[in-house]
């Protein structure tokens, strides 16, 4: 069984090899300083990797709303998405972006370029 850190590194290397693609690690959490909590990351449930994909706007796309936000949620083969992760994935996918769950199958990552 692969650990999530190993799977994440594989995704980062593979995505970084694609022209124009620059994956951004998104750590989400909080830490306490005195009596205050400092929160970081996009939001609870957001993807482990955020991937803005370049897109050439064509004549057919004029007048359309376009979200080219992509994300990769890393899970070991036995891992499960939290309800917040499912909600985030479904939201992004519903507005034209693409979030996938990656456990090691590189064809899943290739699907991000085809949205």
Matching residues, the stretch 13-41, being touching a strand residue (DSSP E or B) at 6+ places or on another chain (Cβ under 7 Å) and within 28 Å of residue 56 (Cα to Cα): 15, 21, 23, 24, 25, 26
Unique residue being out of contact with any strand residue (DSSP E or B) (no Cβ under 7 Å at 6 or more places or on another chain) and at pLDDT 90 or above when the list is 96, 45, 71, 63: 45
Residue in the stretch 15-40 that is surrounded by the most Cβ atoms within 10 Å (Cβ to Cβ), counting only those that are touching a helix residue (DSSP H, G or I) at 6+ places or on another chain (Cβ under 8 Å) and not in a helix (DSSP H, G or I): 23
Set 90, 12: member being under 14 Å from the mean Cα position of the chain (by Cα), surrounded by fewer than 15 Cβ atoms within 10 Å (Cβ to Cβ), part of a helix (DSSP H, G or I) and free of Cβ contacts under 8 Å to residues at least 60 places away in the same chain: 90
Residues being part of a strand (DSSP E or B) and touching a strand residue (DSSP E or B) at 6+ places or on another chain (Cβ under 6 Å) - total across the stretch 48-60: 3
Residue list for the stretch 99-115, restricted to those being part of a loop (DSSP other than H, G, I, E, B) and in contact with a strand residue (DSSP E or B) (Cβ under 9 Å, 6 or more places away or on another chain): 103, 115
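The values are calculated or read from the model by the stated rules, or taken from the named source; none is laboratory data. Bear in mind that the values here come from a model prediction, so they are computed numbers and not experimental data. Quick reminder, even Gly has a Cβ in these numbers, built from the backbone with ideal geometry, and neighbours come from all protein chains shown.
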